[in-house]
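The values are calculated or read from the model by the stated rules, or taken from the named source; none is laboratory data. The shown structure was predicted, so the numbers you read here are calculated from the model rather than taken from an experiment. Side chains included, ligands, DNA and RNA excluded: accessible areas come from the protein's heavy atoms. Shrake-Rupley method; radii C 1.70, N 1.55, O 1.52, S 1.80 Å.
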Amino acid sequence: QVQLVESGGGLVQPGGSLRLSCVVSGSIFSRYVMAWHRQAPGKQRELVARIGSGGTTYYADSVKGRFTISRNNAKNTVYLQMNSLKSEDRAVYYCNAVREGRDAYWGQGTQVAVSS
């Protein structure tokens, strides 16, 4: 059974940083496109960042230049480094693993709060 376990969420001051981690078990991790999505209260879930099996990245305009997605295939882990955090970054962040046309999995989410 494929499982995604997130960690690293919490409360941070505006302008601060957090690093989210997502460990994937029960799969061949290197074959998956990994992504982070987020859902703020009252809003739809949105794609934040994506990284392909070869390392190609994509970022939403709202986080470009502030967030960095990376992966360590030896550790079956994807990371989201979040710098210069703003109040609008407050959301539940979800880890996502996809093999196009085959399967997809979601983590349970981790809460990120930004407040003084």
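Structural remarks
- More than 17 angstrom apart: percent of Cα pairs within the chain: 50
- For a straight C-alpha distance cut-off of 24 angstrom, the lysines reachable from residue 43 (same-chain residues fewer than eight places away being disregarded) are 64, 86.
- With all protein chains in place and a 1.4 Å probe, the accessible surface of the chain carries 44 percent carbon and sulfur.
- Using a probe of 1.4 Å, the accessible surface attributed to residue 86 totals some 90 Å² when neighbouring protein chains are kept in position.
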